[in-house]
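Chemist: Before I ask anything, here is the structure I am working with.
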Amino acid sequence: MEKEKLLRSVCPFDCPDTCGLLVTVENGRAVKVTGDPEHPVTRGLLCPKMQHYEDTVHSSRRLTTPLMRVGIKGTGEFAPISWQAAIKHICTAWKALIAEHGAECILPYSYAGTMGLVQRNAGHPFFHTLGASRLDRTICSPAKGAGWNMIMGSTPAMDPAEIEDSDLIILWGINAAATSIHTMRDALAAKQRGARLWVIDTWTSRTADTAGESFVVKPGTDGALALGMMHVLVRDRLCDQPFIQANVLGFEEFSGTVLPDCSPENMAAVCGLDAATIERMAHIYAAAKAPFIRLGSGLTRYANGAMTVRTITCLPAFIGAWQKKGGGLLSATSTGAAFPQHLVTREDFIKNPTRLVNMNQLGAALNTLDSPPIKSLYVYHSNPAAVTPDQNAVIRGLMREDLFTVVHERFLTDTARYADIVLPATSSLEHADIYRSYGNYVAQYCEAVIAPLGEAKSNWDVFCLLAKGMGMEDPFFDQPASVLIDQLLAENNAWRDEAMNAALRAGEPVRLRVPGKAKRVWQTPSGRIEILNKHLDEVLPRLLPTHAAQDGYPLSLQSAPTPYALNSSFYEQDRLRVRQGQMQLLIHAEDAAARRLYDGQEVLVFNQVGEVQCTLRVSERTRPGTVVCEGVWWTEFVAGKCGINALTSQRLTDSGRGSTLYDVSVDVQAANQPV
Ligand SMILES: Nc1nc2c(c(=O)[nH]1)N[C@H]1C(S)=C(S)[C@@H](COP(=O)(O)OP(=O)(O)OC[C@H]3O[C@@H](n4cnc5c(=O)[nH]c(N)nc54)[C@H](O)[C@@H]3O)O[C@H]1N2
Ligand SMILES: Nc1nc2c(c(=O)[nH]1)N[C@H]1C(S)=C(S)[C@@H](COP(=O)(O)OP(=O)(O)OC[C@H]3O[C@@H](n4cnc5c(=O)[nH]c(N)nc54)[C@H](O)[C@@H]3O)O[C@H]1N2
Ligand SMILES: [Mo]
């Protein structure tokens with residue numbers, strides 16, 4: 001019997017923490033996964049999802065051979081075929097489609113099944129060479145970056161480690177107990193040392209349970225709360241005038257034209273908190289020595305998402321919080337420049353920029369796009385039939401008999417069920433990659449710790465096969481992924497010196513240097529924090545409405561992440577699914593009573609785009625007017641035909657072209673009544 005080995009790896013999933021892992025391998029099987037205590041940020045603490053990652057990796061549900069559809073689309077009836085036959089089938093179909101419609105009739109669809117720099121981007125060089133339509137990858141939270149940039153330009157984000165120097169931590173629109181457990185751990189440690197901890201959310205999430213104070217606002221109204229607070233700061237002369245004079249552009253215009261109408265009373269009517277609460281929040285914020293706002297993505301997925309982020313980002317400038325260690329605002333760390341990613345994405349392979357298809361509007365693209373229509377969809381490390389807004393439209397598109405769909409996956413997901421060809425993918429333990437984080441400044445390289453399961457192949461290896469099959473001759477496609485990884489680590493830059501590169505190559509978690517971080521120099525066109533931004537149509541922050549407010553259904557729907565899944569990943573783990581229970585809708589007792597509905601009842605949730613069946617939970621966690629459904633379930637495990645995205649729309653954010661997944665209104669009724 002082979003001896004047990006303990007090997008380092010990295011969590012590949014789309015989460016800000018990017019944990020270091022230790023994997024016990026016995027006879028070629030991963031038998032145990034624990035957190036790496038030597039990772040400088042995550043320090044051995046793992047979330048419930050990853051504590052049994054071996055169950056995902058060795059799940060009996062793993063796809064282990066290529067499959068070809070033999071039944072009706074969506075039924076999941078397939079027969080195994082060889083890799084050679086699968087690649088040949090795909091390339092023959094694509095050559096014929098390109099000859100008839102041009103290469104833009106092929107659309108790649110990928111997002112964040114793996115965050116590794118090589119595997120995540122492995123399709124770009126191939127599809128650029130092919131001249132396929134390009135995907136605008138904006139499902140997550142581009143409005144957050146857009147809102148930040150409008151005020152702060154490309155100023156680097158503050159270091160999350162500064163949380164320990166803060167005396168007031170505001171977790172704003174972030175459900176850290178589920179989505180970033182190390183942020184939660186650090187915030188609670190600061191609270192134990194005496195810092196105040198506030199949570200601002202639309203419901204009493206698990207994060208709110210642990211806060212000193214929880215503020216529950218109406219969805220999409222945080223801009224009003226921030227404006228009300230700033231009104232009080234100006235009115236009560238609590239602003240840091242010397243800081244403003246030296247660093248801020250447009251304070252006078254903003255406080256003279258926008259803020260006068262934003263009294264706490266006016267803003268209370270919008271956001272649902274009392275005027276007195278808004279006043280008190282402003283006073284405590286101004287009195288704090290180093291207030292730290294950790295901004296989540298929740299409040300960005302609205303018609304006004306970018307404007308909300310822009311408005312909140314003014315707050316630290318009003319009181320000069322940026323001057324103090326531990327003071328400021330963090331939306332996401334920006335480690336994009338730490339590695340020369342252009343060596344993987346190869347934008348230079350684009351001969352003529354082809355059309356850009358917004359991933360949130362896949363439904364419309366598949367059903368209505370013309371000149372040319374989309375005739376083939378290639379999906380890799382994403383599950384659009386579950387995660388993309390307006391699920392009914394996406395599925396209508398996937399049902400098209402004349403759409404040739406290929407899905408490269410670890411599991412027979414909702415999307416894979418509609419494929420003509422399914423290709424089996426490796427898990428992160430079966431391929432090497434390098435990972436950076438969007439919530440801290442640590443990077444790490446890891447090798448494969450076990451061999452691929454069955455015939456599974458990595459994203460990169462599949463694109464090399466497809467390149468050959470399509471007759472692409474560039475030697476770029478002859479290289480193994482390890483060469484690309486070496487190239488990413490080859491040269492020093494402002495983020496990494498030779499010693500750090502050597503440590504990275506040795507598989508150690510490495511804290512990157514953050515260029516320009518400590519200086520707090522504003523990287524904007526004017527060199528100041530731009531509350532007034534003359535380059536935009538809206539030169540000043542102001543209140544903008546949500547979509548849902550105009551749709552006319554009485555309840556706001558929040559479809560928030562659960563601690564026991566990651567978007568639609570992890571539903572294969574029975575023990576995690578059991579902990580989630582079933583797909584359920586949390587509702588306030590008043591809203592349930594008004595509809596004569598009771599706890600535990602099967603209900604239909606519906607609006608203008610679709611309807612979803614789930615179990616009702618009367619809960620004190622929600623406020624009247626807001627309902628909450630956790631998790632993006634596989635339809636295989638839900639009572640009706642659809643998951644939660646049957647209720648979300650394809651409309652986009654005010655800036656960043658992002659999804660508006662939380663900007664949704666619905667109504668609810670008993671499941672056995674006709675809508
Ligand atoms: N366990 C787990 N972890 C995850 C994920 C997961 O699915 N499960 N997803 C990962 C991904 S891809 C991402 S992008 C991150 C996202 O992680 P976060 O930044 O935490 O964002 P969300 O969880 O989408 O939303 C955070 C909270 O904002 C609330 N919210 C919604 N609308 C509003 C609003 O208008 N105002 C306020 N104040 N709050 C609002 C939601 O109800 C939710 O409780 O998490 C990552 N980590
Ligand atoms: N209603 C609602 N919808 C949401 C969200 C929400 O909170 N509510 N969250 C949104 C957010 S923030 C995001 S980021 C998106 C995420 O959307 P996606 O990026 O699609 O994320 P997942 O649902 O995790 O699906 C990833 C798939 O990749 C597969 N995979 C993993 N590793 C590999 C690999 O190496 N190769 C290949 N080929 N496949 C692999 C996994 O098996 C999994 O099925 O969803 C969005 N959709
Ligand atoms: Mo995301």
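Chemist: Given the options G326, G305, G320, name the one that is within 16 Å of ligand 3 (Cβ to nearest atom) and not polar (S, T, N, Q).
Modeler: Only one candidate qualifies: G305.
Chemist: Tell me which of these L484 doesn't satisfy, since it passes every other one: (1) of a type in the set (A, V, I, L, M); (2) over 29 Å from T202 (Cα atoms); (3) within 25 Å of the chain's Cα centre (by Cα).
Modeler: (3)
Chemist: Of the conditions (1) closer than 15 Å to W172 by Cα; (2) of a type outside the set (A, V, I, L, M, F, W, C); (3) in a loop (DSSP other than H, G, I, E, B), T311 satisfies every one except a single condition; which number is it?
Modeler: That leaves (3) as the condition not met.
Chemist: In the stretch 166-206, what residues are near ligand 1 (Cβ under 7 Å from one of its atoms) and not in a loop (DSSP other than H, G, I, E, B)?
Modeler: Residues satisfying the conditions are W172, A176, A178, T179, I200, D201.
Chemist: Turning to a different aspect of this structure: Quick one: in the stretch 102-140, which of the residues that are in a loop (DSSP other than H, G, I, E, B) and away from ligand 2 (no atom under 12 Å from the Cβ) is nearest to D654 (Cα to Cα)?
Modeler: S133
Chemist: Go over the candidates W83, W148 one by one and state the one that is under 22 Å from Y418 (Cβ atoms) and among the aromatic types (F, W, Y).
Modeler: Answer to the check: W83.
Chemist: Which numbered condition trips up F292, out of (1) in a loop (DSSP other than H, G, I, E, B); (2) closer than 23 Å to T179 by Cβ; (3) modelled with pLDDT of 95 or more?
Modeler: Answer for F292: the failing condition is (1).
Chemist: A further question on this structure: Taking the condition within 12 Å of ligand 1 (Cβ to nearest atom) and either in a loop (DSSP other than H, G, I, E, B) or modelled with pLDDT of 95 or more (or both), does V675 pass?
Modeler: No: the conditions fail for V675.
Chemist: Can you go through R185, R120, R137 and tell me which one is of a type in the set (D, E, K, R), within 16 Å of ligand 3 (Cβ to nearest atom) and surrounded by fewer than 23 Cβ atoms within 10 Å (Cβ to Cβ)?
Modeler: After applying the criteria, what remains is R137.
Chemist: Okay, next question. Can you tell me which condition V483 does not meet? The list is (1) among the hydrophobic types (A, V, I, L, M, F, W, C); (2) under 17 Å from L130 (Cβ atoms); (3) part of a helix (DSSP H, G or I), and all the others hold.
Modeler: (2)
Chemist: Out of the residues in the stretch 17-35 meeting the condition of being touching a residue at least 40 places away in the same chain (Cβ under 8 Å) and surrounded by fewer than 22 Cβ atoms within 10 Å (Cβ to Cβ), tell me which one is nearest to Y571 (Cα to Cα).
Modeler: Across the stretch 17-35, the extreme among qualifying residues is R29.
Chemist: May I ask you to say which residue of A448, A467 is of a type in the set (G, A, S) and within 14 Å of ligand 2 (Cβ to nearest atom)?
Modeler: None of the others qualify; the one that does is A448.
Chemist: Collect the residues in the stretch 370-416 that are part of a helix (DSSP H, G or I) and either touching a Ser or Thr at 6+ places or on another chain (Cβ under 7 Å) or without any contact (Cβ under 8 Å) to a residue 12 or more places away in the chain (or both), keeping them in residue-number order.
Modeler: The answer is P384, A385, A386, V387, V394, L398.
The values are calculated or read from the model by the stated rules, or taken from the named source; none is laboratory data. Since we're looking at a predicted model, the values are computed, not measured. Here the Cβ is made from the backbone with ideal geometry for all residues, glycine too, and neighbour counts use every protein chain on show.
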